[in-house]
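Note sheet for the following structure.
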Amino acid sequence: MKQDHNVFPPFIGDRMPRLEVHTTLGKRILPDDYEGRWFMLFSHPGDFTPVCTTEFVSFAKNQAAFQQMNCELVGLSIDTVYAHMKWIEWIQTELGVSITFPIIADELGNVSRRLGMLPREGVKRTVRSVFFVDPNGYIRLILTYPDELGRNTSELLRALKGLQAADAHGVAMPANWPNNEIIGDQAIIPPANTVMKARERLEAAQAQEFSCFDWWFCYKDIPVRKETDNS
Ligand code: BEZ
């Protein structure tokens, strides 16, 4: 892949750049091969490292929960595909956990550089990045964690669930949703952006269509998909 060093890494809201990648499960084209599904692309600093091993085990143990939400997992580091294979073999043998998601072998760093996963020129170790890409190929969330802190799988699942609920109901999710300190598991209606809409909001709240603290802070119940609900 030719590198253009003047290209900025993508940001949330951008389309995921089209990338041909080599993985432990063969060639993949991102995001095209995942059209119609979400995927979580995550980089790790390196194979055979302890924090990364704990992350891989946690992601593998929660893979079914991601898939129940129509989301596939894709790993990445700048290690070779052979290193990936030996490492997941070790995880299987020593920890009894099968890693069945594909892991990109980005030996030349071209994919990581394009996505801003390398901290700076010359550093040959990806940071712990997470990209959530939606079924239309758009980047919806980017997280970056440092070497010394493993990611929280529950938060990643919460983020996915929140993004999907926001899309399904045209709402925004509050802090700590679905356990927000003010409105619990209710969702926020996007703020009115005209005087007329602000008036309509307050009238609708008076008619008990939803609740408002003020014209710019209205909220409502949404159906929340339970973990055990496979519908
Ligand atoms: C780890 O995954 O354990 C790790 C990776 C890079 C630097 C330090 C720790």
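Residues whose amide H falls under 5 Å from that of Met16, counting only those 5 or more places apart or on a different chain, are Tyr138, Ile139, with hydrogens built in the peptide plane. Cysteines of the chain lacking any other cysteine Cβ under 4.7 Å from their own Cβ: Cys52, Cys71. Once the Cα atoms are used to define both axes, helix 50-61 deviates from the longest principal axis of the chain by about 60 degrees. Summarising the amide proton neighbourhood of Thr23: residues at separation of 5 or more, or on other chains, whose placed amide H is nearer than 5 Å comprise Arg28, Ala105.
Considering only the other residues whose Cβ falls under 15 Å of the Cβ of Asp47, what net charge follows from Lys and Arg at +1 and Asp and Glu at -1?
On the way: positive: Lys86, Lys124, Arg125, Arg128; negative: Glu55, Asp79, Glu89, Glu94, Asp106, Glu107, Asp147.
Surrounding charge for Asp47 is -3.
Principal axis extents of the C-alpha atoms in the chain (largest first, rounded to whole Å): 64, 44, 32.
Remark: the stretch 149-231 carries a charge dipole of roughly 180 debye about the Cα centre, counting +1 on each Lys and Arg Cβ and -1 on each Asp and Glu Cβ. Each Lys and Arg contributes +1 and each Asp and Glu -1, all at the Cβ; summed about the Cα centre of the chain, the dipole is approximately 320 debye.
Sort the following peptides by mean Cβ neighbour count (other Cβ atoms within 10 Å, averaged over residues), highest first: 17-26, 54-63. Before the final figure, lay out each step's value.
Values: 17-26: 15.3, 54-63: 17.5.
Going from most to least packed, we get 54-63, 17-26.
Legend: residue pairs Lys61/Lys161; Lys61/Lys220; Lys27/Lys86, Cα-Cα distance threshold 22 Å; pairs beyond threshold, Lys61/Lys220.
In a simple Cβ point-charge model (Lys, Arg +1; Asp, Glu -1; nothing else charged), the stretch 19-151 has a dipole of about 200 debye relative to its Cα centre. Taking a straight Cα-Cα cut-off under 18 Å and skipping sequence neighbours fewer than 8 places away in the same chain, the aspartates and glutamates within cross-link reach of Lys197 are Glu209, Asp214. Helix 153-169: angle to the longest alpha-carbon principal axis of the chain, degrees 0 to 90, nearest 10? It is inclined by approximately 40 degrees.
Each reported figure results from applying straightforward, stated rules to the coordinates on display, with no laboratory input. Quick caveat, the model's predicted, so the values are computed rather than measured. As a convention, Cβ positions derive from the backbone with ideal geometry for all residues, glycine included, and neighbour counts pool all protein chains shown.
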